[in-house]
Amino acid sequence: MHILVSGKFSQKSMEHNQPTDASTKDYKLCHAPREMEEVAQKIWQRIRDAAVKMAEDEGQLRHLLEDVVISRATLAESLAARLARKLSREDMQRDQLEPLLRSILLSNEREVLSAARDMEAIVDRDPACQSELEPLLFYKGFMAITSYRVAHVLWKNDRKALALYFQSIVSEIFGVDIHPAARIGCAIMLDHANSVVIGETSIIEDNVSILHEVTLGGTGKQTGDRHPIVRSGVLIGAGSKILGRVEIGECAKIGAGSVVLQDVHPYQTVAGVPAVLVGEAIEGNPAMGMDQTLSEGNSI
């Protein structure tokens, strides 16, 4: 464990100077188990049911709901339609963009299942969200990370210019900047999402909650693996900056406004500038609980 000395981590426990990968452990990056297909189908049916009801209750939204959900046969087609409406512009109009998005999503089931799990995570963790339809229509954090998933497919298929184009447009429209080379699992919640930045070599495992104005950044001019690794179950408070190839251990908690420059061990809570150890995480999974307190009971 890291050692707390006079309110700070001991230097010996926190040394981490190498720009190479901080961990040799495998990463939990949404392997999309077969049972998720059935779950995704149930989520899609709930989305359709909610869309029909909303169209009945709010006639002014009927055209949007018909276009994005009610007229679509699959979640992949629905996601493509929604993103095309949001991302189209003179550079690439909707009649060009939507077929591209639909083709990518229909041929990459893992990305669609990941999006379904992201929606499910938002409903589970955000008391203001009443159904999976709401992220699809209204939550820019969900739309931004779904756009990233499309760009990531393009990046892996060596269509890097187009992937960077998507990154640029998403940054302008949603205020979220995720490099398409980053590796991100599923059941991810970007809450509010304003000014979230995720760098090129970042790795975020499944079941992570990230609040607004969080940066996963590099330091200096290092090349190679230079951005953070965030393990499953982590909660990152608003305004936090995690810099360099540091590892945030499983089910750790990062206090709001913190600057993290060193590794954080599993189940630890850190806060401050620079971040220091304030205790052990009490709950088993901070990302799920969304408990915005430190061990002493102070708000993060």
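None of the figures in this text is laboratory data; all of them are computed from the coordinates on show. The shown structure was predicted, so the numbers you read here are calculated from the model rather than taken from an experiment. Ideal geometry is used to build each Cβ from the backbone, glycine not excepted, and the neighbour counts take in all protein chains shown.
By the rule of a second cysteine Cβ within less than 4.7 angstrom, the chain holds isolated cysteines at Cys129, Cys251.
Look at where the Cα atoms of region 72-131 and of region 181-202 average out, and the two centres are 16 Å apart.
Percent antiparallel among DSSP beta bridges with both residues in the chain, to the nearest 5? Before the final figure, lay out the partial values.
Values: 8 of 34 bridges.
Rounded to the nearest five, the antiparallel share is 25 percent.
Can you flag which of Lys28/Lys53; Lys53/Lys253; Lys42/Lys140 are past 30 Å Cα-Cα?
Listed pairs above 30 Å: Lys28/Lys53; Lys53/Lys253.
Under 5 Å from the amide H of Ile178 lie the amide H atoms of Ile198, each residue being 5 or more positions distant or on a separate chain, with H modelled from the backbone and absent for Pro and chain starts.
For the chain, what's the relative contact order in percent, using C-alpha pairs closer than 8 Å and at least 6 residues apart? Write out the running numbers ahead of the final one.
Details: 645 pairs, mean separation 43.3, N = 300.
Relative contact order comes out at 14 percent.
Against the main long axis of the alpha-carbon atoms of the chain, helix 140-156 sits at an angle near 90°. Please give the residues of region 213-228, grouped as numeric ranges, whose backbone N is less than 13 Å from a label point set 7 Å along the Cα-to-Cβ vector of Lys160. Output list for this probe position: 224. Given the -39500 (n - 2.57) contribution per DSSP H run of 4+ residues, what per-residue ellipticity at 222 nm results for the chain, rounded to the nearest 500 deg cm²/dmol? So the helix-based figure for the chain works out to -12000 deg cm²/dmol.
Residues within the reach of a label modelled at Leu100 (point 7 angstrom out along Cα to beta-carbon, backbone nitrogen below 19 Å), restricted to region 139-162, are 143-162.
Against the chain, whose longest principal axis comes from its Cα atoms, helix 94-106 is set at around 60 degrees. Normalising the average separation of contacting C-alpha pairs (under 8 angstrom, six or more residues apart) by the number of residues puts the relative contact order of region 30-175 at 23 percent.
Placing a pseudo-label 7 Å from each Cα along the Cα-to-Cβ vector at Arg62 and Ser195 gives an inter-label distance of 4.2 nm. Taking amide H atoms as placed 1.01 Å from N in the peptide plane, the amide H of Ile184 lies under 5 Å from those of Ile204, each 5 or more residues away in sequence or on another chain.
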